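Bear in mind that the values in this text are calculations on the coordinates, not laboratory data. Note that the structure is predicted; figures quoted are calculated from it, not measured. Reconstructed Cβ throughout: ideal geometry from the backbone, glycine too, with neighbour counts over all protein chains shown.
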Amino acid sequence: AIDYEKVDEHTKFLIFPISVIGCGKTTTSQTLVNLFPESWGHIQNDDITGKDKSQLMKKSLELLSKKEVKCVIVDRNNHQFRERQQLFDWLDELKEDYLAYDTNIKVIGVSFAPYDKLPEIKDITMRRVINRGNNHQSIKWDELGEKKVVGIMSGFLKRYQPVSLRRSPDNMFDLMVELDFGEVDSSLTNAKQILSEIHKAYPILIPEIPKDDEIDASFRKSLDYKPTVQKR
Ligand code: GTP
């Protein structure tokens, strides 16, 4: 029998964010991946252009199947229960197409948007998305205009279903990192908290937390991130 509780050097990890638009998923993910360029990967939903939405999971598992890769961040907002459920369903369905049947995968959730901070989150993410301008795969300020962007962002906030660990699907996460949200350097604070909580729960994945100045440098680099795929 496969012992799914056992975590060892063969264990692989997936990270599913739970967020609304602009909370810093990409910046936080890039900060982490830059620290472990060989063993961590990052697949962005915004880079997937075809009709097949499950490409997000297929690409993530393909990357995770590489020998040296231990952890992949599956970057999408997943702001509703059904989106989180869909990721778990895809994982179940597709896992054995990419990884040996006995591969043990742990799924880590990262919640970016505390429910009691939604009004601040709304203000700050709005300002950041204005600043980001056209520097995004699908949300282009110049093309959509302020009204449409505000409409898209408000829709996410209205439909948002925060993590609820006692119910399905959120009770399927092996670990949940619940981030706070602040204005200044929030993605740096996020990256540090994620590193510390994963290090504590899964030292096999993060045996040693990188030094503060390395994390800082990685964050500064990530703030300059420019997407490569353009969606039309
Ligand atoms: P979506 O993909 O649109 O949902 O956004 P996201 O959650 O991936 O957020 P992203 O990382 O793209 O951040 C949104 C904007 O805020 C970008 O222009 C980032 O450069 C900026 N940003 C992210 N984190 C920080 C931070 O800690 N401080 C500052 N000043 N800006 C940040």
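So which chymotrypsin sites (Phe, Trp or Tyr not before Pro) in segment 49-126 pass both tests, a DSSP loop state and at most 14 other Cβ atoms within 10 Å of the Cβ? Here the chymotrypsin sites (Phe, Trp or Tyr not before Pro) that fit, given the DSSP loop and packing criteria, are TYR101.
If packing is taken as the average number of other Cβ atoms within 10 Å across a peptide's residues, how do 41-49, 8-16, 167-175 rank, most packed first?
Sorting 41-49, 8-16, 167-175 by mean packing, highest first, produces 41-49, 8-16, 167-175.
Result for the chain in a Gaussian network model with C-alpha springs under 10 Å: among LEU99, LEU205, LEU165, the largest mean-square fluctuation is at LEU165.
For the chain, averaging the sequence separation of C-alpha pairs within contact (under 8 Å, six or more residues apart) and dividing by the residue count gives a relative contact order of 31 percent. Remark: spin-label model distance SER54-GLN85 equals 1.7 nm, labels positioned 7 Å along the Cα→Cβ axis.
For the pair VAL150 and ASP92 in one chain, pulling the backbone fully straight at 0.36 nm per residue adds 17.3 nm over the alpha carbon distance. Along each principal axis, taking the top coordinate minus the bottom one, the Cα set of the chain gives 55, 41, 36 Å in descending order. Relative contact order of segment 1-119, taken over Cα pairs closer than 8 Å and 6 or more residues apart, is 44 percent. For the chain, the Cβ-based charge dipole about the Cα centre amounts to some 1000 debye (Lys, Arg positive; Asp, Glu negative; other atoms uncharged).
When only alpha carbons are used to place a centre, segment 100-125 and segment 17-60 end up 12 Å from one another. In a simple Cβ point-charge model (Lys, Arg +1; Asp, Glu -1; nothing else charged), segment 98-232 has a dipole of about 760 debye relative to its Cα centre.
Calculated [222 nm] ellipticity per residue, helices only, for the chain: -14000 deg cm²/dmol; basis is -39500 (n - 2.57) per DSSP H run with n ≥ 4, divided by all residues, nearest 500.
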